[in-house]
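Written out below as structure tokens is the structure these notes cover.
The values are calculated or read from the model by the stated rules, or taken from the named source; none is laboratory data. Because the structure is a prediction, the values reported are computed rather than measured. All Cβ positions, even for glycine, are placed from backbone atoms using ideal geometry, and neighbour counts span all protein chains on display.
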Amino acid sequence: MELTQTDRFALRQRAEGILTVTPETHLGKSARQFIRQPASLVGIFIVACYLVLALLGDHIAPYPYTEQHLADILQPPSTRYIFGTDQFGRDIFSRVIVGSRSILILACSATLLALLLGVVMGVTAGYAGGLWDELIMRLVDVLLSFPALLLALLVVGIMGSDLIYLVLTIGVVFAPAIARVVRSVVLDIKTKTYVEAALAVGATTTRIALRHILPNAMGTIGVEASIYFGYVILIGAGLGFLGLGVQPPSPDWGLQVNEGRVYILTAPWVVAFPALAISSLVVGMNLLADSLTGENAA
């Protein structure tokens, strides 16, 4: 049956109304509930502290991160050196502060790249279906068959350990897992009434994907971003520990742990504080992810 002009107008209003009112109301309610959770507040505080350190590290650090105090090699924590000094007499506190910049730049850039690739692949596979779905999912299966760290080691070993290569490598490594999750969400959203209404009034595929599917998938995408942000930190620290991350003299938490493991019995603070920085940042992101997961499920 051919739709009348009145029917088309009513369907368009319904499609636009569901899109513009319902998601905003849901997001506002979720934001209020999210802030009320103690775990989310702790996670926000931890991540915010590291963001401040990354932005103002050069001004907060008591010493230049490359400055050597040869008379104070392997000094324990004290009022002069809060985290002690390493085997070269460098202030560990200053190096941990400045090192937060490189790890956050790597984590943010690689996570954004993984989200971009994963969302494009997932939306294309889930909404287009057919041959596109089959091709993309087979590529995802191939990439997921390799352990993330092993695949990262392979690519970095071939391309090098510059920051741009690290970002590209880690972004590509985590994109397939995000694509699979996004695809499953899109398969559910495409059956909703407002998508069918948009199709009925002649909306294009691009418009439906951008204005109907993506906004309603943002909750899941946000959860995936917070989860994989923590994974990227661990992968980046692991590559740094193996000497494939940020290269000296720039401070890198993983490399600091590797350099200090020789002194773990005589000067455990050389390893303890960089390792604590890695774990605390990952814990902060996991707390955010857990809170987002609960809100998304609700």
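Annotations
- The set of residues in region 139-158 that are over 17 Å from Val181 (Cβ atoms) and either outside any loop (DSSP other than H, G, I, E, B) or more than 24 Å from the chain's Cα centre (by Cα) (or both) comprises Val142, Leu149, Leu150, Leu151, Ala152, Leu153, Leu154, Val155, Val156, Gly157, Ile158.
- Pair list, Cβ under 9 Å, 6 or more apart: region 148-164 residue acidic (Asp, Glu), other residue modelled with pLDDT under 80 and assigned to a loop (DSSP other than H, G, I, E, B): Asp162/Gln247
- Condition met for Ser40 (within 18 Å of Phe229 (Cβ to Cβ) and not hydrophobic (A, V, I, L, M, F, W, C)): yes
- Number of positions in region 246-280 that are in a helix (DSSP H, G or I) and of a type in the set (Ser, Thr, Tyr): 3
- Residue among Thr66, Thr124 that is in contact (Cβ under 8 Å) with a residue 12 or more places away in the chain, touching a Pro at 6+ places or on another chain (Cβ under 7 Å) and surrounded by fewer than 22 Cβ atoms within 10 Å (Cβ to Cβ): Thr66
- All of Val182, Val186, Val167, Val173 fail the test of being touching a residue at least 24 places away in the same chain (Cβ under 8 Å), part of a helix (DSSP H, G or I), over 18 Å from the mean Cα position of the chain (by Cα) and surrounded by 18 or more Cβ atoms within 10 Å (Cβ to Cβ), apart from Val186.
- Residues being surrounded by 12 or more Cβ atoms within 10 Å (Cβ to Cβ), in contact (Cβ under 8 Å) with a residue 40 or more places away in the chain, assigned to a helix (DSSP H, G or I) and not aliphatic (A, V, I, L, M) - total across region 189-204: 1
Yes/no per residue for (1) within 23 Å of the chain's Cα centre (by Cα); (2) modelled with pLDDT of 55 or more; (3) not small (Gly, Ala, Ser):
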position: Val21; (1), (2), (3): no, no, yes
position: Ile35; (1), (2), (3): yes, yes, yes
position: Ser40; (1), (2), (3): yes, yes, no
position: Ala71; (1), (2), (3): no, yes, no
position: Asp86; (1), (2), (3): no, yes, yes
position: Ser102; (1), (2), (3): yes, yes, no
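- Members of region 198-230 that are modelled with pLDDT of 80 or more and polar (S, T, N, Q): Asn216, Thr220, Ser226
- The number of residues in region 72-88 that are in contact (Cβ under 8 Å) with a residue 40 or more places away in the chain and charged (D, E, K, R) comes to 1.
- Residue match in region 74-91 (condition: part of a helix (DSSP H, G or I) and surrounded by fewer than 21 Cβ atoms within 10 Å (Cβ to Cβ)): no
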